[in-house]
1. Checking the conditions here, which among GLY83, GLY75, GLY91 is more than 22 Å from PHE196 (Cβ to Cβ) and surrounded by 17 or more Cβ atoms within 10 Å (Cβ to Cβ)?
2. Can you give me the number of residues within region 141-181 that are in contact (Cβ under 8 Å) with a residue 60 or more places away in the chain, in a helix (DSSP H, G or I) and surrounded by 20 or more Cβ atoms within 10 Å (Cβ to Cβ)?
3. Name the one entry in TYR129, TYR107 that is assigned to a helix (DSSP H, G or I), in contact with a Pro (Cβ under 8 Å, 6 or more places away or on another chain) and not charged (D, E, K, R).
4. Against the condition under 20 Å from the mean Cα position of the chain (by Cα), under 25 Å from LEU85 (Cα atoms) and at pLDDT 75 or above, how does ASN187 come out, does it pass?
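The values are calculated or read from the model by the stated rules, or taken from the named source; none is laboratory data. Computed from a prediction, not measured in an experiment: that's the story for all the values here. A quick note on method: Cβ atoms are made from the backbone with ideal geometry, for glycine too, and the neighbour counts reach across all protein chains shown.
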Amino acid sequence: MNKNIKIALGSIYLIILISFLYFLFTKFDISRIDDFSYYKTIQENIDDTIGKNLIFNLILFFIFSIIWIVLLGFGTPLLLLSGILFGKWIGTIISTISISVGALSLYIIASYFFTDLVNQILKEKFSKYIERFQKNEFYYFFAFRFSGGLGVPFFLQNVLPVVFKMKNSNYFFASFLGFIPVFFIWNTIGAGLNTFIKEADEFSIFNLILSDEIYIPVLIFIGLILSSLIVKKKFFND
């Protein structure tokens, strides 16, 4: 790995992280963290801000998500955030597109700069899958995404196809289609949290869990996990 590239990527990541933390601590009153009415105020401000300029905020989220994924960020916080900000339908669309683009960008960067490093870390571990992927890379990578990446951390999922020398178009569309089910569920949970805060008079973890906006997508998520285990057994277990 080129030392200058490592320094540049690390610097960019720190700048974004520090900027985010600065925004967080300047915009939110930490002393009211246990005050439910404060979250209702935040929710009202979010709805008002997003409603005034939806397109601008979608573009901002799109750009932020790509940068976040390229810098090896986790996907789940983005999915909850998109659900909270934009609702389950628009949130699912914008998060699926932006994270797919971010993952593809990371894959291209890894293919160009870090092929040797990726092969060193992942090739031996996933050697038994190489032949399968090369026979039908779209089909197997879609199954890989749908099954949750076989438990592989998200940022490693995004660079794993470097080992298989996957085509960019197959990478993007297999990711996009494989992401949709689980992304919709997480966005639905995010939207449900937003609705709960809007409608509840006080916070109750029991009421939150039993609200339709939360327990239904959680049950669907459990069903998806069971489905992914079947997919994993069929396509990836010897």
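1. Details: GLY83 fails: more than 22 Å from PHE196 (Cβ to Cβ); GLY91 fails: more than 22 Å from PHE196 (Cβ to Cβ).
It is GLY75.
2. Qualifying residue count for the region: 7.
3. Values: TYR129 fails: in contact with a Pro (Cβ under 8 Å, 6 or more places away or on another chain).
The match here is TYR107.
4. Details: under 20 Å from the mean Cα position of the chain (by Cα): yes; under 25 Å from LEU85 (Cα atoms): yes; at pLDDT 75 or above: yes.
For ASN187, the condition - under 20 Å from the mean Cα position of the chain (by Cα), under 25 Å from LEU85 (Cα atoms) and at pLDDT 75 or above - is met.
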